[in-house]
Amino acid sequence: MTAIPVQQKQPEEKRQAQSRRWVGMEFLVGAIALNVPYMLLIQRFNYPDILREPAAQILTQYHALGSSGILIWLAFAWFSFPLLLAMVGLHGILKNTRHPLLYHATTFGILAAVLQMVGLLRWVFVNPVLADLYLNASSTEGTRAAVTVVFQAIHQYGGVLLGEHLGQVFTVLWMWTISLIALQTRLFPRWFGVLGFGAGAIYLLGQLELLHTVMPSLPFWEPAGLVGSLLWLVWVVLLGVFLIQLSKK
């Protein structure tokens, strides 16, 4: 009678180890892959500073990128897909902890990934049309004025509201809930959970810059968004490394 549980235990442990390894790799691949289009946009499009420039300047510089620019934005949007898979996979790994906030964390993570993808994909399917119309030699000043208004509305809604505000807030909520689970279950080092709370706080501070776009008198710390996103990236990489290490135990 005792042989049956032992025989069942070994395949289960192997399955859990494989799951941890694959999810860890997905976090690493997703975090590294996102940096490729991000660096290209910094070099070729003055991203993210260009986002707060006048519409005419943004459309002109974007149009100059040509088809390669559209493909870079497409990659930027879809390279976050491995992270979406990893967030779902992490739920399965942490399910045995029976933590009451685990489903909340997974919901936050899925919403964050989807909203940011939607926000980024406007550069693939919407902005190229507006840029072509704005830079078309036959376009009148009235047409360019109309394009400017449309672009500003989509830029503020799809970018600032969906991608940056909702996407980043849900990212912070996911990081905080996973950090809390890490602290309470001790599956990961304690300092990892503390780092997650600190990185999330800095990342959330960057929301003041978004509010500044509609409340110009509101003060904000300009590096908060960049510093917060970099700390988030480090935290995600560490999460992937820890999961891979756990798969070897």
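You will find that of 184, 152, the residue that is in contact (Cβ under 8 Å) with a residue 60 or more places away in the chain, over 30 Å from residue 123 (Cα atoms) and out of contact with any strand residue (DSSP E or B) (no Cβ under 6 Å at 6 or more places or on another chain) is 184 and no other. Taken together, the residues in the stretch 94-125 that are open to solvent by 50 Å² or more (accessible area, probe 1.4 Å), within 27 Å of residue 41 (Cβ to Cβ) and touching a residue at least 24 places away in the same chain (Cβ under 8 Å) amount to 5. Could you count how many residues in the stretch 110-163 are of a type in the set (Lys, Arg) and more than 18 Å from residue 74 (Cα to Cα)? Total meeting the criteria: 1. Within the stretch 10-28, if we keep just the residues that are closer than 13 Å to residue 87 by Cα and among the aliphatic types (A, V, I, L, M), the residue that is surrounded by the fewest Cβ atoms within 10 Å (Cβ to Cβ) turns out to be 25.
Taking the criterion of being surrounded by 19 or more Cβ atoms within 10 Å (Cβ to Cβ) and either among the charged types (D, E, K, R) or over 19 Å from the mean Cα position of the chain (by Cα) (or both), the residues of the stretch 56-82 that qualify are 58, 59, 62, 65, 69. Counting only helices (runs of 4 or more DSSP H) that sit completely within the stretch 158-249, those holding 3 or more residues that are under 30 Å from residue 13 (Cβ atoms) and open to solvent by less than 60 Å² (accessible area, probe 1.4 Å) correspond to 167-185, 190-205, 224-247.
The values are calculated or read from the model by the stated rules, or taken from the named source; none is laboratory data. This one's a predicted model, so the numbers in the text were calculated from it and none came from an experiment. We place every Cβ from the backbone using ideal geometry, glycine too, and count neighbours over all the protein chains shown. Surface areas here come from the heavy atoms of the whole protein model, side chains and all, with no ligands, DNA or RNA. Shrake-Rupley method; radii C 1.70, N 1.55, O 1.52, S 1.80 Å.
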